[in-house]
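None of the figures in this text is laboratory data; all of them are computed from the coordinates on show. Bear in mind that the values here come from a model prediction, so they are computed numbers and not experimental data.
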Amino acid sequence: MIRVGSIGYNHNHPPEYYIDHPNGPGAWLFVLAKAPVDMTINGEKYLIRAGSAIMISPHTPCYYRGPDGEGYVDDWFYFNMTAEDIEMLADMGIHADLPIYLGAVDQLSSMIYEMTIEFYSADSYHDEIVLLFTDIFFKRVSRIVMKKSSNEASPAADRRTELANLRSRIYRDPAELPAVAVIAKEVGMSVSGLEHLYKKAFGTSVMKDIVNSRIGYAKKLLLATNMQISEIAGKCGYNCCYSFMRQFKAQTGITPSEFRKTQAAGEWIKDE
């Protein structure tokens, strides 16, 4: 059984930061690179591309940092597993101490985000939920590895995966989203092409999903924190507080302040 011992999501490491385990990390370590990383694994040097992953065994010497004095971004978790688990992962195409390029990793990163929330939660069943997420996580890694090794992925399938990753990103990080035109450029499409395929896949537009994600996050902050409305606007990706309040009312029928008061009083609000 694979058990997570510690975990981190979307860590932004400064240029001076590095990891150095001359005798190995002491436990299994999975690193999902979201920016290039210089790694030395058991004496072998690698420049790992963004979108790559590596599973490092407990006694493998490793050293890594951002390339050329730059910082880097990664998700990671330390874990323990049995000999049977090691054999199972090898059968799934996941081998220790060898970097693998996975491509778009938003879906995998989103799972690590969920694992992180549950790992540090005190709620019921959090340990069991982390175990389930971990199992699904490695199966999804295996699926990507197997598809790449067998060259079964078609351009259409790749595009559907890219759109699914984009939607996951929209609902995971509403405050960090650029303009739709920038998103389209990132995925190598025109704005009209992106909107057409996105609506065909999900029945809604990119902009509508972004608005729904931001307003949904705003509702959570209004109820769970004492933040000022202007601060919540910034946290949800709005540069202008008045734009946020106008859009919030257009979506819910009431202002953010009214939403906070009526929900605190236990009144029912229509959720669009």
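Phi angles across the stretch 168-184 convert, under the Karplus curve 6.51 cos²θ - 1.76 cosθ + 1.60 with θ = phi - 60°, into 3J(HN,Hα) values of 4, 5, 4, 7, 8, 10, x, 7, 9, 7, x, 5, 4, 4, 5, 4, 4 Hz, Gly and Pro given as x. P(r) tail for the chain: Cα pairs beyond 24 Å make up 59% of the total. Using Cα springs under 10 Å in a Gaussian network model of the chain, which residue among Y198, Y120, Y101 shows the largest mean-square fluctuation? The residue that fluctuates most here is Y120. Roughly how many whole Å is it from the C-alpha centroid of the stretch 30-75 to that of the stretch 201-226? Answer, in whole Å: 34. Across the chain, the relative contact order, built from alpha-carbon pairs under 8 Å that are at least six residues apart, equals 15 percent. Taking 25 Å as the limit for the C-alpha separation, the pairs K208/K249; K220/K261; K139/K185 exceed it in the case of K139/K185. Along the stretch 39-49 the Karplus relation, 6.51 cos²θ - 1.76 cosθ + 1.60 evaluated at θ = phi - 60°, assigns HN-Hα couplings of 10, 10, 10, 6, x, 8, 9, 9, 9, 8, 6 Hz to successive residues, with x for each Gly and Pro.
Sequentially through the stretch 243-252, phi angles give Karplus couplings (6.51, -1.76, 1.60; θ = phi - 60°) of 5, 4, 5, 5, 6, 4, 5, 4, 7, 10 Hz, Gly and Pro residues having no value and appearing as x. In straight Cα distance, which aspartates and glutamates are under 19 Å from K219, not counting same-chain residues fewer than 8 positions off? In chain and number order, the partners are D173, E176, D209, E231, E258, E267, D271, E272.
Classify the stretch 215-266 as rounded, prolate or oblate from the Cα gyration tensor: take a ≥ b ≥ c as the square roots of its eigenvalues, call it rounded if a/c is under 1.5, otherwise prolate when a/b beats b/c and oblate if not. Here the stretch 215-266 falls in the oblate category.
May I ask you to work out the translational diffusion coefficient for the stretch 154-272 at 37 °C, viscosity 0.692 mPa s, via Stokes-Einstein with Rh from the Kirkwood sum over Cα pairs, reported in whole µm²/s? D, rounded to a whole number, is 213 µm²/s.
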